[in-house]
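Heads up: the structure comes next, in structure tokens.
The values are calculated or read from the model by the stated rules, or taken from the named source; none is laboratory data. The structure displayed is predicted, hence computed values, not measured ones. Because the Cβ atoms are built from the backbone with ideal geometry, glycine has one as well, and the counts that use them run over all protein chains shown. Protein only, heavy atoms only, side chains kept; ligands, DNA and RNA dropped before computing areas. Shrake-Rupley method; radii C 1.70, N 1.55, O 1.52, S 1.80 Å.
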Amino acid sequence: MKQVGLDKLDQRILAILQQDGRISNQHLAEQVGLSPAACWRRVRSLEDTGVITGYSAKLSPERIGQGLCVLINLSLQRHTIDSTAEIEQQVSSYPEVLQCFAVTGNADFVLRVIVPDMTSYDRFLNEKIFTLQGIAQVNSNFVLREIKNTQSIPLGGAT
């Protein structure tokens, strides 16, 4: 994928939008020192080029009854394109899996899973993870507390 060149104004716009995706165009334009029309064109260009891929609300898992966060390391029995693709497809379909990474090291995949409680996690393992073909090992790490959780990507000197 081709990298998009970002000037200081683009970086500033992105930094502000990462902190407040609901900011009005008028307020954003004021903060970066552009006219509303020029600011809107820049944001639209950042969306069109795929730099901005979407907007979302950040929820409190505990407040909505999804308080158990687990990091799962999955190791495969064998590494074939077909078996890996099937596991990726299956894992991607599970709503409990918030993130899935193919990694190097002791595991082949790391999953970030969120469920209401230990009983739900046990059910998730038995009904979904343990039914995947080709899994050699599953290691669960339970999150005790969240230290940092951000989706903001660092931008060179944009703040």
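Residue-wise test of (1) at pLDDT 95 or above; (2) in contact with a helix residue (DSSP H, G or I) (Cβ under 6 Å, 6 or more places away or on another chain).
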position: ALA15; (1), (2): yes, no
position: CYS39; (1), (2): yes, yes
position: ARG63; (1), (2): yes, no
position: LEU74; (1), (2): yes, no
position: THR80; (1), (2): no, no
position: GLU86; (1), (2): no, no
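Does segment 20-30 contain any residue that is modelled with pLDDT of 95 or more, in contact with a helix residue (DSSP H, G or I) (Cβ under 8 Å, 6 or more places away or on another chain), assigned to a loop (DSSP other than H, G, I, E, B) and surrounded by 11 or more Cβ atoms within 10 Å (Cβ to Cβ)?
Looking through segment 20-30, at least one residue is modelled with pLDDT of 95 or more, in contact with a helix residue (DSSP H, G or I) (Cβ under 8 Å, 6 or more places away or on another chain), assigned to a loop (DSSP other than H, G, I, E, B) and surrounded by 11 or more Cβ atoms within 10 Å (Cβ to Cβ).
Just one of (1) in a loop (DSSP other than H, G, I, E, B); (2) hydroxyl-bearing (Ser, Thr, Tyr); (3) modelled with pLDDT under 95 trips up THR53, so point out which.
Unmet condition: (3).
Across segment 34-49, which residue is least open to solvent (accessible area, probe 1.4 Å) among those that are touching a residue at least 12 places away in the same chain (Cβ under 8 Å) and in a loop (DSSP other than H, G, I, E, B)? Steps first, answer last, please.
Narrowing segment 34-49 to residues touching a residue at least 12 places away in the same chain (Cβ under 8 Å): 34, 39-40, 42-43, 46, 49.
Subsequent filtering for residues that are in a loop (DSSP other than H, G, I, E, B) retains 34, 49.
Values: LEU34: 42, THR49: 74 Å².
Per the criteria, the residue is LEU34.
Would you say VAL70 is of a type outside the set (Gly, Ala, Ser), at pLDDT 95 or above and touching a strand residue (DSSP E or B) at 6+ places or on another chain (Cβ under 8 Å)?
Details: of a type outside the set (Gly, Ala, Ser): yes; at pLDDT 95 or above: yes; touching a strand residue (DSSP E or B) at 6+ places or on another chain (Cβ under 8 Å): yes.
Here the answer is yes, as VAL70 does meet what is asked.
Out of GLU96, GLU62, GLU88, I need the residue that is open to solvent by less than 50 Å² (accessible area, probe 1.4 Å) and of a type in the set (Asp, Glu). Which one? Before the answer, list the steps.
Values: GLU62 fails: open to solvent by less than 50 Å² (accessible area, probe 1.4 Å); GLU88 fails: open to solvent by less than 50 Å² (accessible area, probe 1.4 Å).
Matching residue, one of GLU96, GLU62, GLU88: GLU96.
If you scan segment 73-85, which residues turn out to be open to solvent by 100 Å² or more (accessible area, probe 1.4 Å) and either touching a strand residue (DSSP E or B) at 6+ places or on another chain (Cβ under 6 Å) or within 30 Å of LEU155 (Cα to Cα) (or both)? Spell out how you get there, then give the answer.
Taking segment 73-85 and keeping what is open to solvent by 100 Å² or more (accessible area, probe 1.4 Å), we get 77-79, 81-82.
Across segment 73-85, the qualifying residue is only GLN77.
Go through segment 78-101 and report how many residues are touching a residue at least 12 places away in the same chain (Cβ under 8 Å) and of a type in the set (A, V, I, L, M).
Matching residues across segment 78-101 total 4.
Could we say that SER120 is of a type in the set (S, T, N, Q), under 26 Å from GLY21 (Cβ atoms) and in a helix (DSSP H, G or I) here? Full working, then the answer.
Numbers: of a type in the set (S, T, N, Q): yes; under 26 Å from GLY21 (Cβ atoms): no; in a helix (DSSP H, G or I): yes.
For SER120, the condition - of a type in the set (S, T, N, Q), under 26 Å from GLY21 (Cβ atoms) and in a helix (DSSP H, G or I) - is not met.
Please go through segment 127-153 and pick out each residue that is in contact with a helix residue (DSSP H, G or I) (Cβ under 9 Å, 6 or more places away or on another chain) and either closer than 23 Å to THR53 by Cβ or open to solvent by 70 Å² or more (accessible area, probe 1.4 Å) (or both).
Taking segment 127-153 and keeping what is in contact with a helix residue (DSSP H, G or I) (Cβ under 9 Å, 6 or more places away or on another chain), we get 128-129, 131-135, 138, 140, 142, 150-153.
Once the filter is applied, which keeps residues that are in contact with a helix residue (DSSP H, G or I) (Cβ under 9 Å, 6 or more places away or on another chain) and either closer than 23 Å to THR53 by Cβ or open to solvent by 70 Å² or more (accessible area, probe 1.4 Å) (or both), segment 127-153 yields THR131, GLN133, PHE142, THR150, GLN151, SER152, ILE153.
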